[in-house]
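Undergrad: Encoded as structure tokens, here's the structure I'll be asking about.
The values are calculated or read from the model by the stated rules, or taken from the named source; none is laboratory data. Just so it is clear, the model here is predicted, and its values are computed rather than measured. Here the Cβ positions follow ideal geometry from the backbone for every residue, glycine too, while neighbour counts run over all protein chains shown.
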Amino acid sequence: MSLTGYLRAWKLRTPSVAFDAERHVLVFPWIEGLTGRERLARDGRLDPAAGPFVRMIAVLAMLHRIPPPGGVGLDRLDPWRRITPRLQRGSFPQTLRRNVWETAAALAAALDDLPLEPVLVHGDYHVGQLLFDAEGDIPWLLDLEDVGLGPAEFDLGNFVAHLATSLPDWRDSPLRGFRRLCRHVVPCYAKLAGRVPSSRGIALYGAAALLRRGLKLWENGSATSRQVGRIVNAARELGEGHWSVPLIPFG
């Protein structure tokens, strides 16, 4: 059974995939709807207590509860797979370049000392990977290209970091946005998943995700060196342990 078929057998909503042998392409069904990003934009404001936001976290909790499939070759998560090439390609101003490389080196060392239980992870979980159809209930999960084995905290950190750097005020304080979102995401995930994630794990993997976002925004010209510097500084603060994720009791 394919990975898609396996996940669908566990009732995870993800589009079925067919292989067109004649054209040698994968064919996905067309699903009319809004991505999570579009849904939040349509609502006009971010409300972490609202149904759509909670349902996006519910999909992640459900994925992490699914046992890794036997017979489907899944790679171990490499948090640097998308960071290292961008570091090597990046042509940064001297002050930003030093900050980026020093932050990356410190995060790499910290993550090496972070033993966490591996689960089935999406590998690139963010609001753009979710699609709300006309029913508007549980969203579809898209893009399984990076699914592998790794800590749940990676997906959580990536989800929060991506959203924190998409909010209107991220240019002023991406760390503030990360903190604010964690106060809602972490207890909601803990309740839905039935486990409290590692505070340090979310902070470190969130820092790596912030670094990756900063490099991507710089690469595609969506942010100035000063704005990227704020994101990198936020990653550095998280990595150095200046702030930890609040673990709010649930039950």
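Undergrad: Is there a residue being in a helix (DSSP H, G or I), modelled with pLDDT under 95 and either among the aliphatic types (A, V, I, L, M) or surrounded by fewer than 19 Cβ atoms within 10 Å (Cβ to Cβ) (or both) anywhere in the stretch 239-249?
TA: There is no residue in the stretch 239-249 that is in a helix (DSSP H, G or I), modelled with pLDDT under 95 and either among the aliphatic types (A, V, I, L, M) or surrounded by fewer than 19 Cβ atoms within 10 Å (Cβ to Cβ) (or both).
Undergrad: Now for a different question. For the stretch 79-116, name all the residues that are charged (D, E, K, R), surrounded by 14 or more Cβ atoms within 10 Å (Cβ to Cβ), touching a residue at least 60 places away in the same chain (Cβ under 8 Å) and assigned to a helix (DSSP H, G or I).
TA: Correct list: 86 only.
Undergrad: Residue check: is residue 58 at pLDDT below 75, under 25 Å from residue 154 (Cα atoms) and under 20 Å from the mean Cα position of the chain (by Cα)?
TA: no
Undergrad: If you take the residues of the stretch 57-73 that are in contact (Cβ under 8 Å) with a residue 40 or more places away in the chain and surrounded by fewer than 16 Cβ atoms within 10 Å (Cβ to Cβ), which of them is farthest from residue 211 (Cα to Cα)?
TA: 71
Undergrad: Go through the stretch 118-169 and count every residue that is in a loop (DSSP other than H, G, I, E, B), touching a residue at least 12 places away in the same chain (Cβ under 8 Å) and not small (Gly, Ala, Ser).
TA: 15
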